[in-house]
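The values are calculated or read from the model by the stated rules, or taken from the named source; none is laboratory data. For clarity, every value in this text was computed on a predicted model and none was experimentally measured. Cβ atoms come from the backbone with ideal geometry, glycine included; neighbour counts cover every protein chain shown.
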Amino acid sequence: MNKITQAFQRLQSAGLNRPLAAYRLVQAAILISLFWKWEFFLQANSIYANTPVEDPFFPDWLRSVTTIRFAFWGSALATGISLITSINLLRKTCSWLGFFGITLMCVHQGSYNDMTFVTIWWCCLWSVWLSHRVDTDQQELLMRRAAFLSRLIISLILLGGAAGKWTPEYWSGEVLFDIYFLDRDFWLFNYLRANYEPAELQEIAKWYSRQIVVVETISGIGLWVLPARWAALIATIILSVIVILSNKYLVSVIACLIGLACVGFFVPRRPRNAATLASPATEEPAAN
Amino acid sequence: MVDSNDTSLSNDRQQSDWGFCCIVAFIGLIAAWLLLMPWIPGIAKHSLQRFHLRTASFSVWAAQFPIPSMYNFANQYKVEQYPPGFVMMILDENENWRYANHFPARVITFFAGRYDFLSSQQDRWFTLKSSYRGQVLESKFHLEAQAEGGYKLIRIDEVEESL
């Protein structure tokens with residue numbers, strides 16, 4: 001932890017604009033999440049055009065494959081520009097465009113169910129807020145608020161996962177046994193199927209499911225109260241383990257959240273005696 | 001381990017930031033919704049209906065999209081080539097049911113489900129069943145193949161629910 005902190009302190013002394021650096025890190029993570037869905041986009045582009053499903057529940061334009069094309073590419077392009085631009089107005093505009101595009105993905109018939117777009121949406125909301133604040137003269141306060149929001153969002157997403165699992169079918173492992181252990185082609189489940197009998201697999205599934213319920217519950221309720229850097233570290237570990245032990249498709253859901261979690265590493269550590277000082281700590285924004 | 005400087009935002013000179021406050025309040029609202037879901041049946045009912053695309057209106061359904069719901073509820077689905085009850089089932093019915101992680105209607109709407117179940121351009125019948133702490137919602141859908149390609153989704157009225 002100290003080494004990470006020292007590394008960031010060195011970056012600060014080199015003139016790093018921490019809020020802007022954190023903003024760019026999250027944009028890069030959003031792009032990773034979006035383009036991990038590249039296969040989805042290619043297949044959806046073809047299947048939605050050839051096999052439309054007419055359902056009056058959705059407005060026509062939110063069933064159209066054209067809307068998905070514009071929303072996906074518009075969001076990707078806007079996020080890419082907001083990652084590299086040094087013009088504040090352009091950054092704000094692109095943050096809003098990305099936010100708007102991902103909002104469409106979250107309510108479109110062909111993508112509403114994909115949690116990737118919900119986690120990206122929360123990162124986009126954070127990005128819109130930060131893009132309007134990044135030129136403040138109170139960088140340390142802004143950085144602390146940005147980190148607080150980031151861990152609050154991650155806590156909420158984990159809490160959302162936990163709350164829906166507080167039901168007997170998850171505590172018994174029945175759901176995840178069917179989804180993962182029965183036939184999912186992933187290194188962990190392939191290994192377990194090759195080495196354990198079905199009855200043993202059900203027992204493993206039960207404890208696998210229970211540890212997910214417990215970890216999501218504890219981190220959903222408690223992650224946001226941790227100090228910024230510890231929250232960043234713990235969130236990064238938890239999110240990474242979720243991917244490593246579940247399936248590769250979750251990379252798109254989790255990558256942007258890992259980027260958001262890392263915002264906590266940008267919070268400067270105050271000297272111990274500074275806590276007793278009444279005057280606020282301010283930093284002048286550095287050059288982009 | 002705990003560094004109180006990191007968690008305290010109030011030690012700094014307060015600079016008004018309505019955007020920050022609104023997002024925090026919004027998150028608090030959703031967190032309260034999630035925490036109350038196990039104890040207030042109405043919230044769980046709304047969420048189950050959301051998963052089956054059976055919310056009263058699209059706008060109410062769409063307003064719920066920010067609520068994170070990864071791997072929520074015990075969602076099962078069954079896909080049949082014939083209308084429910086049309087053929088006497090010889091095999092155990094349980095063999096047809098599979099679990100879905102969330103939003104079980106995805107087997108109809110998402111690209112993978114369309115590829116798996118709707119590539120044949122023949123009618124299909126879907127039954128979705130989601131349960132949460134004793135509440136169960138079951139929905140039936142008829143996907144009617146259209147002559148010009150694609151499908152028309154018809155919600156079958158006779159649904160069983162114990163909400």
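Among what's in the stretch A:22-40 and is surrounded by fewer than 18 Cβ atoms within 10 Å (Cβ to Cβ) and either within 15 Å of A:Ile102 (Cβ to Cβ) or in contact with a strand residue (DSSP E or B) (Cβ under 8 Å, 6 or more places away or on another chain) (or both), pick the residue that is nearest to the other protein chains (Cβ to nearest Cβ).
Ranking the qualifying residues of the stretch A:22-40, first place goes to A:Phe35.
Taking only the stretch A:50-105 into account, find how many residues are buried (at least 21 other Cβ atoms within 10 Å of the Cβ), away from every other protein chain (no Cβ under 14 Å) and over 26 Å from A:Tyr23 (Cα atoms).
0
Tell me the residue from B:Gln64, B:Gln14, B:Gln49 that is more than 7 Å from chain A (Cβ to nearest Cβ) and modelled with pLDDT under 75, please.
B:Gln14
Quick grid of which residues meet (1) under 17 Å from B:Arg98 (Cβ atoms); (2) surrounded by 21 or more Cβ atoms within 10 Å (Cβ to Cβ):
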site	(1), (2)
A:Gly173	yes, yes
A:Leu176	yes, yes
A:Arg184	yes, no
A:Asn195	no, no
A:Trp207	no, no
A:Glu216	no, yes
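With respect to A:Ser46, determine if the residue is closer than 30 Å to B:Lys140 by Cα, modelled with pLDDT under 95 and either part of a loop (DSSP other than H, G, I, E, B) or among the hydroxyl-bearing types (Ser, Thr, Tyr) (or both).
Judged against the criteria, A:Ser46 is a match.
Select from the stretch B:39-68 the residues that are part of a helix (DSSP H, G or I) and among the charged types (D, E, K, R) and list them in ascending order.
If the condition is that a residue be part of a helix (DSSP H, G or I) and among the charged types (D, E, K, R), then B:Lys45, B:Arg50 are the ones that fit.
Do we have any residue at all in the stretch A:158-168 that's part of a helix (DSSP H, G or I), farther than 20 Å from B:Leu29 by Cα and more than 7 Å from every other protein chain (Cβ to nearest Cβ)?
yes
Counting only residues that are more than 8 Å from chain B (Cβ to nearest Cβ) and touching a Leu at 6+ places or on another chain (Cβ under 9 Å), how many does the stretch A:118-134 have?
Residues flagged as more than 8 Å from chain B (Cβ to nearest Cβ) and touching a Leu at 6+ places or on another chain (Cβ under 9 Å) within the stretch A:118-134 amount to 4.
Would you be able to say whether some residue in the stretch A:141-148 is under 24 Å from B:Ser16 (Cβ atoms), modelled with pLDDT under 95 and assigned to a loop (DSSP other than H, G, I, E, B)?
Within the stretch A:141-148, none of the residues are under 24 Å from B:Ser16 (Cβ atoms), modelled with pLDDT under 95 and assigned to a loop (DSSP other than H, G, I, E, B).
How many residues are touching a helix residue (DSSP H, G or I) at 6+ places or on another chain (Cβ under 7 Å), more than 30 Å from B:Tyr132 (Cβ to Cβ) and not hydroxyl-bearing (Ser, Thr, Tyr) when one looks only at the stretch A:117-143?
The number of residues fulfilling the criteria is 10.
Being surrounded by 17 or more Cβ atoms within 10 Å (Cβ to Cβ) and not polar (S, T, N, Q) is the filter; apply it to the stretch B:49-65 and report the residue that is nearest to the chain's Cα centre (by Cα).
B:Phe51
If A:Asp135 satisfies all but one of (1) surrounded by fewer than 22 Cβ atoms within 10 Å (Cβ to Cβ); (2) within 12 Å of the chain's Cα centre (by Cα), what's the number of the condition it fails?
The one condition A:Asp135 does not meet is (2).
Pairs under 6 Å by beta carbon, first residue free of Cβ contacts under 8 Å to residues at least 40 places away in the same chain in the stretch A:116-144, partner aliphatic (A, V, I, L, M) and buried (at least 24 other Cβ atoms within 10 Å of the Cβ), six or more apart or different chains?
A:Phe117/A:Ile102; A:Phe117/A:Met105; A:Trp121/A:Ile102
Give me the residue from the stretch A:85-111 that is in contact (Cβ under 8 Å) with a residue 40 or more places away in the chain and in a helix (DSSP H, G or I) and, out of that set, nearest to B:Pro66 (Cα to Cα).
The residue in question is A:Val107.
Exactly one condition in (1) touching a residue at least 60 places away in the same chain (Cβ under 8 Å); (2) at the interface with chain B (Cβ under 8 Å from one of its Cβ atoms); (3) more than 30 Å from A:Thr66 (Cα to Cα); (4) among the charged types (D, E, K, R) is false for A:Glu174; which is it?
(1)
Which condition from (1) free of Cβ contacts under 8 Å to residues at least 40 places away in the same chain; (2) under 15 Å from B:Tyr71 (Cα atoms); (3) not hydrophobic (A, V, I, L, M, F, W, C) is the one that A:Tyr191 breaks?
(2)
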